[in-house]
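Before any comments, here is the structure.
What follows is calculated from the coordinates using simple rules that are stated; it is not laboratory data. Just so it is clear, the model here is predicted, and its values are computed rather than measured. Note that we place each Cβ from the backbone using ideal geometry, even for glycine, and neighbour counts take in every protein chain shown.
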């Protein structure tokens with residue numbers, strides 16, 4: 001496998017790794033700066049240091065939550081792939097590689113009907129999430145994927 005093939009195959013994971021490394025670096029610097037401010041004798045500096053300590057705590061929580069969400073999504077995708085249940089990626093694309101929006105919108109109702117017919121099945125919510133994503137509605141795609149993950153855990157599949 002050439003370096004270019006490796007990059008194309010693992011592009012998303014490498015991007016996540018880079019962003020995670022940058023965020024961890026920022027978290028370390030923010031913690032260090034907040035402790036410096038907390039050690040200052042001035043009360044205002046101490047207050048700023050305490051407030052500044054909240055930012056890396058929130059950042060660390062968000063990072064862990066998103067990494068766990070990504071790992072669970074990947075587990076669900078592998079399981080669906082093994083079962084032959086992943087949606088087929090056959091929608092037409094623009095020269096830049098983006099899915100043609102009108103084609104995604106036309107395919108969407110079938111996935112929506114499937115999820116409405118079987119709302120307790122994580123697989124239908126996973127496929128609905130993929131349909132939302134293809135249609136460009138990332139907010140609803142994440143919400144549907146979170147619903148799929150919740151059902152996946154409830155089924156005991158995600159244990």
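Quick look at the numbers
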| item | result |
| --- | --- |
| Cα gyration tensor shape for the chain, rounded if a/c is under 1.5, else prolate or oblate | prolate |
| Segment 3-83 - Rg and Dmax from Cα coordinates, angstrom | 18.6, 62 |
| Between segment 41-78 and segment 21-37, the Cα center-to-center distance that results, in Å | 11 Å |
| Ranked 101, 123, criterion: other C-beta atoms within 10 Å, fewest first | 101, 123 |
| Debye log10 I(q)/I(0) for segment 72-159, one point scatterer per Cα, at q = 0.26 Å⁻¹ | -1.35 |
| Degrees between helix 11-38 axis and first principal axis of the chain (Cα, 0 to 90, nearest 10) | 20 degrees |
| Angle in degrees between helix 101-117 and the longest Cα principal axis of the chain, rounded to the nearest 10 | 90 degrees |
| Highest to lowest packing among 88-98, 53-63, 18-28, 134-144, scored as the average C-beta count within 10 Å | 134-144, 53-63, 18-28, 88-98 |
| Degrees, to the nearest 10: 138-154 long Cα axis against longest axis of the chain | 90 degrees |
| Potential lengthening between residue 53 and residue 24 on full extension [0.36 nm per residue; Cα-Cα distance subtracted] | 9.0 nm |
